[in-house]
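> My structure is below; once you've seen it, I'll send some questions.
The values are calculated or read from the model by the stated rules, or taken from the named source; none is laboratory data. This structure is a prediction, so every number in the text was calculated from the model and none was measured. Note: ideal-geometry Cβ built from the backbone for every residue, glycine included; neighbour counts use all protein chains shown. Calculation scope for accessible area: heavy atoms of the full protein, side chains included, ligands and nucleic acids excluded. Shrake-Rupley method; radii C 1.70, N 1.55, O 1.52, S 1.80 Å.
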Amino acid sequence: MTATAIKRPGTPGGGARERRLRAISPLQVLRKTLTALGTLAFVVVVNFFLFRVIPGSPEKAFAPRGRNADAERLAQIRRDLGLGLPWHEQFWSYLKSLVRGNLGDSWGQHRPVVSVIADYVWPTVLLSGTALVLAAGIGMWLGARSGWRHGTRFDKLASSSAVTLYSVPEWLLGLVLMVALSGSGLFPVDGGMVDPRSTLPAAIDVAWHMVLPCFCLAVVYIAEYSLIMRSSMLDERYADYLTTARAKGLRDDTVMRRHALPNALLPFTTLFFLSIGFVVSGAITVETVFSWPGLGRLTYDALRGPDIPLLQGLFLVFSAAVIVMNLFADLLYPFIDPRVRRS
Amino acid sequence: MSETLTPRGIVRARRRAALAAFWRTFRRDREGMTGLVLLALFAFVALAAPLLADESGLSLTRATGPVLAEPSFEYPFGTDKYGRSVLTLVIWGSRISLLVGLAATLISMVIGTVVGIASGHFRGVAGGALNRLTEWFLVIPFLPLAIVLATVFPPDVPKIVAVIIVIGVTSWSGTARLVRAQVFSIEERPYLERARALGAGHWQQMSRHVLPNVMPLVLANTTLTVSIAILAETTLSFLGLGDPLRISWGRILDNAYSGAVISTGSWWWVFFPGASVVLVVLGFNLCGRAIERILDPRIKSRV
């Protein structure tokens, strides 16, 4: 839907397509990629120093039982972490194992952090992805409509509920829903799903478990998307090209969908791609409340330990997701908005 | 009367007039006034907590009420698993939640304003480096960073201070970016050129000329940052990273979640603290949006 809506206002013929192909120069791609890599390097440095060069005794923070760990265990951890070495040697060995894709071993699960994260990533992608796609569609429609029919009862209702819902943390909504529905037995209120890859009934079971968490996530994103969409629709509403379109005698609906919407969609599209990056980390609290077996719940469990290597790995994954999607949105933008093309 | 004749007096009179005009516009804004009334209500509850409820009602061991009682005349918000009145918890919790939210916002605004002004003012390597730093903090997802910081924070620092610092340190980047953009436009104005021509140093330029001009923007942004900070406090407390010794709204929700509130279906234990969080955050958001509307002439002409 998005793609077709954006292509329409281009001039007819092959010219538009060709311009679009040349929208971004290789040099710009290189520069933006380097910036993203710089940010990633910053995250890696932060990740190292936060966990290693904390004031006091890092081995106590690393010890599974905190400050009550016995002396022998603490000495063992010190050796494992290479804490006796100067910090630049520690940093170098950390970098070397990172490049080899080794994030250390999880203390809670006694296996490599990388494989733990790989096991938990798909439920998060499924849950957050579904919520995001639903929210994008509904939010776009609501926001476009209330912006276009600015000041009507529909607009007032839609935007005031969006502002209210924007103030509700998604996990709080989830908690209240769970407590309210716990007696009714409509939806499962605990974890305990079957592996969705096995059978069809199992897939249905997963979908059933997903309704509530997905609803909570989607509601908050709908609020955000519709507010953005509404304000960019308001920006376009009095543009001269819309007056022209109306003067040509086009129906109000056509003016909105064919002329105003493609332009008003630009900020929304950026926001959408940015939120894909945040989706991985955004579900931390919702997954916790609903015991959804994804990266968010994993973070909560790692916190309780605390399972420091796992937390470190998760932080890296969460940040990398945002950085990569940021870069993607950045590179995509010249293709969808002619105004930021090579100048 | 005589004070208006001195330069400082003129400035003060002009500021007072601007403030009065702002208040006249704000009073006509229904959304903004709704937010203000909400905030005034919660400010009153937080300040008057000792008059409204007895602090001994927070103690686990000295709780006198029935266990998990539904809201009644005696316990308007019901009681929790330990027999404490949820109303008392919510009243005393408002103090910690608002305190953490406001203190964290203060830190966030100071860092954001200083970094924003400096990165907008210094055009060379220093400005570029500060701008890069701002962008890094904008990109790193807020909640994971806050979780990591709270986990590795030195354990001998009181938890409540740790939470305030963590939220303050993770939430300043948006303000810094806004301020930086504003500084760029201010630096182009003739009075700064005049100040430079008269030999004003960097400190003089930034503190006497740039800062007063970005202040309205910073204040408008503050109201929105407070709501983010309060939500962050609630979320961190819910994840068990808050101060275990002090009751905040997030802590009540954490207690309820780990105290099997879902299986017992005692909705009042989560509904009232949850509604308080939402109403306060809504209050700050409504006020912030109203201030933005008044300060941004582009929006004003349209509404």
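> Quick check on B:ARG180: is it under 20 Å from A:THR35 (Cβ atoms), away from chain A (no Cβ under 13 Å) and either open to solvent by less than 70 Å² (accessible area, probe 1.4 Å) or among the polar types (S, T, N, Q) (or both)?
When the stated conditions are applied, B:ARG180 passes them.
> Is one or more of the residues making up the stretch B:253-271 outside any helix (DSSP H, G or I), more than 9 Å from chain A (Cβ to nearest Cβ), at pLDDT below 90 and over 18 Å from the mean Cα position of the chain (by Cα)?
For the stretch B:253-271, residues outside any helix (DSSP H, G or I), more than 9 Å from chain A (Cβ to nearest Cβ), at pLDDT below 90 and over 18 Å from the mean Cα position of the chain (by Cα): present.
> While we're here: Write out, first by first residue and then by second, each pair whose Cβ atoms fall under 8 Å of each other, whose residues are 6+ apart or on separate chains, and whose first residue, in the stretch A:95-107, is under 17 Å from A:VAL46 (Cα atoms) while the second is modelled with pLDDT under 80 and of a type outside the set (Ser, Thr, Tyr).
Correct list of pairs: A:SER97/A:LEU103; A:SER97/A:GLY104.
> Additional query: Residue by residue through the stretch A:139-180, note down the ones that are more than 10 Å from chain B (Cβ to nearest Cβ) and outside any helix (DSSP H, G or I).
Within the stretch A:139-180, A:ARG149, A:THR152 meet the criteria.
> Test of understanding: among B:GLY124, B:GLY112, which residue is in contact with a Phe, Trp or Tyr (Cβ under 6 Å, 6 or more places away or on another chain) and farther than 23 Å from A:PHE315 by Cα?
Every option except B:GLY112 fails the conditions.
> Among the residues that make up the stretch B:3-21, is at least one of them touching a residue at least 12 places away in the same chain (Cβ under 8 Å) and either open to solvent by less than 50 Å² (accessible area, probe 1.4 Å) or not in a loop (DSSP other than H, G, I, E, B) (or both)?
no
> Pick from the stretch B:142-177 the residues that are within 25 Å of B:LEU217 (Cβ to Cβ) and among the polar types (S, T, N, Q): which of them is farthest from the other protein chains (Cβ to nearest Cβ)?
The residue in question is B:THR175.
> If you go through the stretch A:267-281 one residue at a time, do you hit one that is more than 30 Å from A:TYR120 (Cβ to Cβ) and surrounded by fewer than 19 Cβ atoms within 10 Å (Cβ to Cβ)?
Looking through the stretch A:267-281, at least one residue is more than 30 Å from A:TYR120 (Cβ to Cβ) and surrounded by fewer than 19 Cβ atoms within 10 Å (Cβ to Cβ).
> Suppose we filter B:VAL114, B:VAL125 for residues that are under 30 Å from A:ALA41 (Cα atoms), at pLDDT 90 or above and open to solvent by 60 Å² or more (accessible area, probe 1.4 Å); which single one remains?
Step by step, each of B:VAL114, B:VAL125 is checked, and only B:VAL114 is under 30 Å from A:ALA41 (Cα atoms), at pLDDT 90 or above and open to solvent by 60 Å² or more (accessible area, probe 1.4 Å).
> Okay, moving on. So for the stretch B:217-225 (the condition being closer than 22 Å to A:VAL176 by Cβ, in contact (Cβ under 8 Å) with a residue 24 or more places away in the chain and within 13 Å of another protein chain (Cβ to nearest Cβ)), does at least one residue qualify?
no
Yes/no matrix, rows are residues, columns are (1) out of contact with any Ser or Thr (no Cβ under 8 Å at 6 or more places or on another chain); (2) under 30 Å from A:ILE308 (Cα atoms); (3) open to solvent by less than 60 Å² (accessible area, probe 1.4 Å):
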| residue | (1), (2), (3) |
| --- | --- |
| B:TRP172 | no, yes, yes |
| B:ARG194 | yes, no, no |
| B:GLN204 | yes, no, no |
| B:ASN213 | yes, no, yes |
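> Can you say whether A:GLY104 is at pLDDT below 80, more than 18 Å from the chain's Cα centre (by Cα), small (Gly, Ala, Ser) and open to solvent by 40 Å² or more (accessible area, probe 1.4 Å), as far as the supplied structure shows?
no
> Regarding the stretch B:39-50, can at least one residue be identified that is free of Cβ contacts under 8 Å to residues at least 40 places away in the same chain, assigned to a helix (DSSP H, G or I) and open to solvent by 100 Å² or more (accessible area, probe 1.4 Å)?
Yes; the residues of the stretch B:39-50 include at least one that is free of Cβ contacts under 8 Å to residues at least 40 places away in the same chain, assigned to a helix (DSSP H, G or I) and open to solvent by 100 Å² or more (accessible area, probe 1.4 Å).
> Shifting gears a bit: List the pairs whose first member sits in the stretch B:145-169 and is under 14 Å from B:ILE107 (Cβ atoms), whose second member is assigned to a helix (DSSP H, G or I) and hydroxyl-bearing (Ser, Thr, Tyr), and whose Cβ atoms are under 6 Å apart, counting only residues at least 6 apart or on separate chains?
Filtered contacts from the stretch B:145-169: B:ALA146/B:THR170; B:GLY168/B:SER108.
> Same structure, new question: Conditions first: (1) in a helix (DSSP H, G or I); (2) surrounded by 13 or more Cβ atoms within 10 Å (Cβ to Cβ); (3) at pLDDT below 80. A:GLU72 passes all but one, so which condition is the exception?
Every listed condition holds for A:GLU72 apart from (2).
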